[in-house]
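Working notes, beginning with the structure itself.
The values are calculated or read from the model by the stated rules, or taken from the named source; none is laboratory data. What you see is a predicted model; the values in this text were computed from it and never measured. A quick note on method: Cβ atoms are made from the backbone with ideal geometry, for glycine too, and the neighbour counts reach across all protein chains shown. We work out accessible area using only protein heavy atoms, side chains counted, and drop any ligands, DNA or RNA first. Shrake-Rupley method; radii C 1.70, N 1.55, O 1.52, S 1.80 Å.
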Amino acid sequence: MPLLWQSIIMIGTMLVMLNLCTDVRMAAELNTKRRSFLDFEWSYFWSWSRFVDYVQCVLAFTLVAAYITYLLLDSALFVETLGFLAVFTEAMLGTPQLYCNYQNKSTEGMSIKMVLMWTSGDTFKTGYFLLTEAPVQFWTCGLLQVFVDVAILFQVYYYSRYPQKPVSHTVSLTTSAKVL
């Protein structure tokens, strides 16, 4: 029951944040072309203009997933796979941030305190899974999540200690001028 309430609160929080981000992006965007979930353009997936489009997508996904789950509820393989995918997805939440930091060679705007809080929370959660002898997928994915957190923490330390030199734009301008 606590996990269910945690999920409901997190989904609500994420929807509020998504609404805020959509409002800010639309206020700052000069493009007059509006994108919609119902346009079904894959190149603009999750880059829609209105918050209601995100809600439509989440509801459509929820309804399809609920229907498939209802149909396959008696299959132990499906239930175990679904459970593993849920835990694995949560474990991989930090991976896009890790990759973005690597691409940018920077962690500008990230706080060591924030990453330490992530890491401590995930470490305590994984410890709880180990102490309560939770199924293997829980503590395995917990360890994976802690590993990703530690990697991000290392990036924050490394890029703040050894800032990477930005790529010079004069080189690319000179090269492109020679091509012309």
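For residue 147, the solvent-accessible surface with a 1.4 Å probe is about 140 Å², rounded to the nearest 10.
For segment 78-132, which whole-number percentage of the solvent-accessible area (1.4 Å probe, protein heavy atoms only) is attributable to carbon and sulfur atoms? The partial results should precede the final answer.
Values: 2720 of 3850 Å².
That share works out to 71 percent.
Each residue of segment 91-104 was assigned a 3J(HN,Hα) from its phi angle through the Karplus expression (A = 6.51, B = -1.76, C = 1.60, θ = phi - 60°), giving 5, 9, 4, x, 4, x, 5, 4, 5, 4, 4, 5, 4, 7 Hz with x at Gly and Pro.
Note on segment 1-156: with charges restricted to the Cβ of Lys and Arg (+1) and Asp and Glu (-1), its dipole about the Cα centre is near 440 debye. Between the amide H of residue 72 and any residue lying 5 or more places away or on another chain, no distance stays under 5 Å, with hydrogens modeled in the peptide plane.
Applied to segment 77-85, the Karplus parametrisation 6.51 cos²θ - 1.76 cosθ + 1.60 on θ = phi - 60° returns per-residue 3J(HN,Hα) values of 4, 5, 5, 5, 5, 4, x, 4, 4 Hz, with x for Gly and Pro. Potential lengthening of the chain between residue 59 and residue 124 amounts to 20.1 nm, from the contour at 0.36 nm per residue minus the alpha-carbon distance.
Helical content of the chain, expressed as a calculated mean residue ellipticity at 222 nm, amounts to -25000 deg cm²/dmol (DSSP H runs of 4 or more residues, -39,500 (n - 2.57) each, divided by residue number, nearest 500).
Note on residue 143 and residue 14: their simple-model spin labels are 2.6 nm apart, each label 7 Å out from Cα toward Cβ. Evaluated with a Cβ-only charge set (Lys, Arg +1; Asp, Glu -1), segment 75-161 carries a dipole of roughly 340 debye about its Cα centre, given to the nearest 20.
Projecting the Cα atoms of 120, 103, 49 onto the dipole axis of the chain, where Lys and Arg carry +1 and Asp and Glu carry -1 at the beta carbon, places 103 farthest toward the positive end.
Keeping all protein chains in place and using 1.4 angstrom, which order do 114, 26, 1 fall into by accessible surface area, from largest down?
Sorted descending by solvent-accessible area, the residues read 1, 114, 26.
Ordered from largest to smallest accessible area (heavy atoms of protein chains, 1.4 Å probe), the residues 139, 48, 42 come out as 42, 139, 48. Computed with a 1.4 Å probe over protein heavy atoms only, the accessible area of residue 25 comes to about 80 Å².
Phi angles of segment 58-66 translate, via the Karplus equation with coefficients 6.51, -1.76, 1.60 and θ = phi - 60°, into HN-Hα couplings of 5, 5, 4, 4, 4, 5, 5, 5, 5 Hz per residue; Gly and Pro are given as x.
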